[in-house]
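In what follows, a structure is listed as C-alpha cells, so that the remarks can point back to it.
The values are calculated or read from the model by the stated rules, or taken from the named source; none is laboratory data. No experiment lies behind these values; they were computed from the predicted model shown. In this analysis, Cβ positions are derived from the backbone assuming ideal geometry, glycine residues included, and neighbour counts consider all displayed protein chains. Areas reflect the complete protein model, heavy atoms only, side chains present, ligands, DNA and RNA absent. Shrake-Rupley method; radii C 1.70, N 1.55, O 1.52, S 1.80 Å.
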Amino acid sequence: MWQLAAKWTQKLPAEMAHDTAVFALSHGFAPIADQILLPVQAAGLAFDNPLGLAAGFDKNAVASQGAIRLGFGFTEVGTITPLPQAGNPKPRLFRLPEDGAVINRYGFNSKGMRVARNNLRKIEHRRGIIGVNIGANKEAKDRVADYYKAAHYLSAEADYLTVNISSPNTPGLRDLQHEAHIKAVLEAAIKGRDEAIAHADARPAVFVKLAPDMETDDLFAAMDASAQAGVAGFILTNTTITRPDSLNSIYRDEAGGLSGQPLARRALEVLSDAAGHLKRSGAPDLVLIGAGGISTAEHAYARILAGADLLQLYTALALNGPYVVAEILRQLKALVIADGASAVSEIKGVFASPEKALLHAAHIARIAAKKSGNN
Ligand SMILES: Cc1cc2nc3c(=O)[nH]c(=O)nc-3n(C[C@H](O)[C@H](O)[C@H](O)COP(=O)(O)O)c2cc1C
C-alpha cells in the first residue's frame, strides 16, 4: 500500500510530492519498519544502525519521528536558517528518474530557527538520533554570525549539529569552505553551542558538510582547518554542480545541485580521499558520514569499506519510496555477516582505494545473494 502511495505521489509535481511525503511522515502516515539492529558508536552517540536520512527532506523539523519509523538510525533536519526565508522561485526541484537523480535549487527555504526549535520541543517520546543542520540566511550581512546564532539557539535540541557551508543554492556560501574562512565559521558555531550548553558532556558534536566539487588539496586544507576548530567529523558530500555527460533527462541543464546515482562515484572518491587524509594526519577518530547516491546495500557497503562510520541518503528515498530504507539495512546486515564480520566498525576503512572497496562490496554481495538463494 505504501509503495502504491509513493508511486502515486511520483505523478505529482516534484515539490508537491516532497511536501506530501513530509506531511505523511509528520502525521504518522508511513510504514513502520522492523527495526534492524546494526549498532554504531560515533561522536559519543549510540546509533541503532548506520543509515540516516540526509538533510533537506525535513527542513522545518516536523518529520523526524516518521523518518525513524521507516528504519533510519538517525535523521538530520534542516537546513535551518536563523530567520525565515522563502528560498528560490518555483519550480526549483526536478526529478531525473531515468538517471536515478534529482536536481534542486531550493535555496534554503526555511521557516527559521524559532519554528524549528518549537517543532523539536513538541516531540513527545523522542526516538532515534536527531541531527540539526544549520545555514546562513541569504541576505545576512554577517554569515559567520548566523552560524553562531543558529548553533546557540538549536544546540539544546540537537544530538549533533551540522554546519552546512556546501549548498550550491545560496550564492557565495561555498566560499566559506575555503581554508581562509572555514575555521572562523566553525569556531562561531562551536562557540554558539558552548555558550548555550554549560556541561561539556551534554554538548552536541559538530560536523561540517562539504561539497563534492572541491579540489583534493582544498578538501584537505578545509579538513585540517575544521579539525583545528574542533569539529567531530565530516559529512561527505552535499550535491554537485557538475553535470556528468551520462545524464539523459531533459532537466539535466537546470541550475542547482545534482544528487543521486550520478554523484555516487565522486562522493565515494571524496570519502576515500578524506579517510586516507585522516589516517595520515593522525586523526582517525574524526567521524566520516558518507552521502551521495547511496541507493543499494552494495553502495552502502562500499562506502563503509572506504572509511565511512555512518551513511546518509535522500534521493533514493525520493525516487524509490519508503521501503528502500529497510531493504538496504536488511541487505547491509547480510553483507556484514557474509564478510565474516559482526559489526560495521570491523569493516570500516579496510580498503584505501575506491576501486577495491567497490570490487569487494560486489564480491560480498554475490556471496550473500548465493547464501540467501540456498536458504
Ligand atoms: C531536494 C534536496 C534538498 C536538499 N537540501 C539540503 C539542505 O537543505 N541542506 C543540506 O545540507 N543538504 C541538502 N541536500 C543534500 C542532501 O542532504 C545530500 O547531501 C545529497 O542529496 C546527496 O545524497 P543523495 O544522493 O542520497 O540525495 C538536499 C538534497 C536534495 C535532493
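For this structure, a couple of remarks:
- Largest mean-square fluctuation among Glu269, Glu215, Glu298, in a Gaussian network model of the chain whose springs join Cα atoms under 10 Å apart, belongs to Glu215.
- Placing R0 at 56 angstrom, the Cβ-Cβ distance between Thr242 and His125 gives a FRET efficiency of 0.85 after rounding to 0.05.
- Each DSSP beta bridge with both residues in the stretch 2-374 is either parallel or antiparallel, and the antiparallel ones are about 30%.
- Projecting label points 7 angstrom from Cα along Cα→Cβ for Arg330 and Ala200 puts them 4.5 nm apart.
- Near-label residues of the stretch 177-208 by backbone N, under 18 Å of a point 7 Å along Cα→Cβ of Asp218: 177-186, 208
- FRET efficiency for Asp34 and Ala180, using Cβ-Cβ distance with R0 set to 56 Å, rounded to 0.05: 0.70
- For the pair the stretch 192-232 / the stretch 38-94, the C-alpha centres are spaced 18 Å from each other.
- Here the accessible area of the stretch 162-280 is 47 percent carbon and sulfur, with a 1.4 angstrom probe and all protein chains present.
- Gyration tensor verdict on the stretch 1-131 (Cα atoms; rounded if a/c is under 1.5, prolate if a/b is larger than b/c, oblate otherwise): oblate
- Extension gain, Leu12 to Val144, is 43.7 nm, computed as 0.36 nm per intervening residue step minus the present C-alpha separation.
- Accessible area per residue in Å² at 1.4 Å probe, computed on the chain: 43
- Amide H within-cut-off set for Ala291, under 5 Å, with H built and near neighbours excluded: Leu236, Thr237, Gln312
- Hz values of 3J(HN,Hα) by residue in the stretch 117-126 - Karplus curve (6.51, -1.76, 1.60), Gly and Pro given as x: 5, 4, 4, 5, 6, 6, 5, 7, 10, 5
- Relative contact order of the stretch 2-374, defined on C-alpha pairs under 8 angstrom at six or more residues apart (%): 16
- Residue-wise HN-Hα coupling along the stretch 183-195, computed from phi with Karplus coefficients 6.51, -1.76, 1.60 (Hz; x: Gly, Pro): 5, 5, 5, 5, 5, 5, 5, 5, 5, x, 4, 5, 6
- Approximate spin-label separation Lys279-Gln41, in nm, with each point projected 7 Å along Cα-to-Cβ: 2.2
- Its DSSP H runs of at least 4 residues, each contributing -39,500 (n - 2.57), put the calculated 222 nm mean residue ellipticity of the chain at -12500 deg cm²/dmol, to the nearest 500.
- Karplus (6.51, -1.76, 1.60) ³J(HN,Hα), θ = phi - 60°, over the stretch 143-148, in Hz, Gly and Pro reported as x: 5, 4, 4, 4, 5, 4
- Above-threshold pairs, the threshold being 31 Å between Cα atoms, out of Lys183/Lys333; Lys138/Lys191; Lys111/Lys141; Lys90/Lys183; Lys122/Lys149: Lys183/Lys333; Lys90/Lys183
- Put a dot 7 Å past the Cα of Ala352, heading toward its Cβ, do the same for Ala369, and the two dots end up 3.1 nm apart.
- Here the scattering of the chain is modelled by Debye summation over its C-alpha atoms, one equal scatterer each and no solvent; at q = 0.15 Å⁻¹ the log10 of I(q)/I(0) is -1.42.
- This model, with +1 at the C-beta of Lys and Arg and -1 at the C-beta of Asp and Glu, gives the stretch 14-95 a dipole about its Cα centre of some 260 debye.
- Global geometry of the stretch 283-375, whether rounded, prolate or oblate, following the gyration tensor of its Cα atoms and the 1.5 cut on a/c: oblate
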